[in-house]
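In what follows, a single structure is set out as structure tokens and then discussed.
The values are calculated or read from the model by the stated rules, or taken from the named source; none is laboratory data. These numbers come from a predicted model, not from an experiment. Positions of Cβ are backbone-derived with ideal geometry, glycine not excepted, and every protein chain shown enters the neighbour counts. Calculation scope for accessible area: heavy atoms of the full protein, side chains included, ligands and nucleic acids excluded. Shrake-Rupley method; radii C 1.70, N 1.55, O 1.52, S 1.80 Å.
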Amino acid sequence: GKGGYDHYMLKEIYEQPTALRQTIRGRSNQLDGRVELEELPPGAFSDVRSVHLVAMGTSYHAAMYAQTLLAERGITAQAFLSGEYGSNPPPADDGTLVIAVSQSGETADTLSAIRSVQGTGAHTLALTNVVGSTLTRECEDTVYIRAGPEIGVAATKSFSAQVATLILLSERLSRDVRGGTPAATGDLLDALSVLPDDVQRVLDESTAESVAKAYHDSESYFFIGRGIGHPVALEGALKFKEITYDHAEGFSAAELKHGPLALVTDQTPVFAVFTGRNDTKTLHNVKEVRARDAPVVAVAADGYREVDDYADHVLRVPDTHHDVAGILANVQLQLVSYLAADELSRPIDKPRNLAKSVTVE
Ligand code: F6R
């Protein structure tokens, strides 16, 4: 059941601290900096020269996030929509690791992307929530995100658990591929270990309700961010459109001047995601939309005060390592979408035209 919550989506948003504890448990050792994914023996990735991530929807946003994490670690990685990958396959060989990211493990597009690399020598890895799902049978290896069952059509806790797992996987890959322990590791493992508590703090202290009340009747919403903030902006917009039925569009803050700015008016709230990297550039974009009188909602770390003078609302997240900051920002945006859809009395757990798993191409 819904455990006292009005909707599964809200229950699953609130389950995130527990889900993340399960995701992380036993997988990183802060004392010696080791990262262990039980399914994968040490050195499993030593022949990997490049990584393809294939996924759809929310899982694709987690894949984009991982592309940035891997690039930071010097690993050539690219996220693909699995529905495109199978029909226009990029070169893959025995140095390619293809990671299929799918909550359900049953998404037809993602299964066919994996089938398209059979025979190329590429190594395939499933990253999924559902034990024994079709994807786990089609891929050579599986890493579970361990989020627990997700019932709401709008994916929430699975995104957080996917990203946390992909952070661990990126660390494992960078050690196997490049050897040694990157300098950032200690800080990162510390940040991951307190992530469940940080998410709890976001849930306890969020002011998303006032944002949802102020803006739920606008016609159109924009979400911007850079780096890992870009997939978080895309995910914020996807969630918002899925459950409020209002138009919401996410893009890189870098794209703003190249077209979308034409649509920005005092009627288009802009959500700006700050993650602790290139924040000054994103702040510049915020100033540009402010100059067009757009309401601005910033999602920013407690310590990032520069934004206060330029935003109508700031949704705060605890200061943390850059690589996990996007998970916290996304939780704020989940709450905004949920609360706005609730203001509009939408059928949040069963949005029109959508299914929990899309088993046809
Ligand atoms: C978004 C959503 C969908 C799924 C997509 C992939 O809230 O639920 O966009 O993320 O259909 O599904 P999985 O992860 O099961 O492959």
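Figure note: 352, 34 ranked by solvent-accessible area, largest first, 1.4 Å probe, ligands and nucleic acids not counted: 352, 34. Measuring r between the beta carbons of residue 21 and residue 343 and using R0 = 30 Å, the FRET efficiency lands at 0.45.
Residues 356, 213 ordered from highest to lowest accessible area at a 1.4 Å probe: 213, 356.
Over the chain, with a Gaussian network built from C-alpha contacts below 10 Å, which listed residue (210, 112, 104) shows the highest mean-square fluctuation? Highest fluctuation of the listed residues: 210. Among 171, 138, the sequence by solvent-accessible area, most first, with a 1.4 Å probe is 138, 171.
Counting only DSSP beta bridges with both residues in the chain, tell me the antiparallel percent, nearest 5.
5 percent
Calculated mean residue ellipticity, 222 nm, the chain: -13000 deg cm²/dmol, from DSSP H runs (n ≥ 4) at -39500 (n - 2.57) each, averaged per residue and rounded to 500.
Starting from the Cα of residue 204, step 7 Å along the direction of its Cβ; do the same at residue 281; then give the gap between the two resulting points in nm. Taking the simple label geometry, residue 204 and residue 281 are separated by 3.6 nm.
Applying 0.36 nm per residue to the separation of residue 47 and residue 93 and subtracting their alpha-carbon distance, the gain on full extension is 15.5 nm. Compactness check for region 6-49: Cα Rg over 2.2 N^0.38 Å is 1.69.
Extension gain, residue 308 to residue 213: 0.36 nm times the residue separation minus the Cα-Cα distance gives 32.2 nm. Computed from point charges on the beta carbon alone (+1 for Lys and Arg, -1 for Asp and Glu), the dipole magnitude for the chain about its Cα centre is near 260 Debye.
Placing +1 on the Cβ of every Lys and Arg and -1 on the Cβ of every Asp and Glu, with nothing else charged, gives region 1-62 a dipole about its Cα centre of roughly 100 debye. When only the Cβ of Lys, Arg, Asp and Glu is charged (+1, +1, -1, -1), the dipole of region 57-132 relative to its Cα centre reaches about 80 debye.
When each full DSSP H helix of the chain is screened for a Cα extent of at least 15 Å along its own axis and an average Kyte-Doolittle hydropathy of at least -1.0, the helices passing are 57-72, 157-178, 185-205, 229-244, 322-343.
Centroid-to-centroid, using Cα positions, region 217-234 and region 119-185 are 25 Å apart. Computed with every protein chain present, the accessible area of residue 255 is close to 90 Å² [probe 1.4 Å]. For the chain, the per residue solvent-accessible surface stands at 39 Å², with DNA, RNA and ligands left out and a 1.4 Å probe.
With the charge dipole of the chain set up from +1 on Lys and Arg Cβ and -1 on Asp and Glu Cβ about the Cα centre, the Cα lying farthest toward the positive end among the listed residues 14, 304, 354 is that of 354.
Determine which residues of region 184-228 fall in the zone a paramagnetic label at residue 34 would reach in this model, i.e. backbone nitrogen under 20 Å from the point 7 Å along Cα→Cβ. Within reach of a label on residue 34: 184-193. The count of lysine pairs in the chain with alpha-carbon distances below 19 Å, taking only pairs 8 or more places apart or on different chains, stands at 20. With only Cα atoms counted, region 305-361 has Rg and Dmax values of 16.1, 48 Å. Put simply, the C-alpha atoms of the chain give a gyration tensor, and the ellipsoid matching it has half-axes of 31, 22, 20 Å, longest first.
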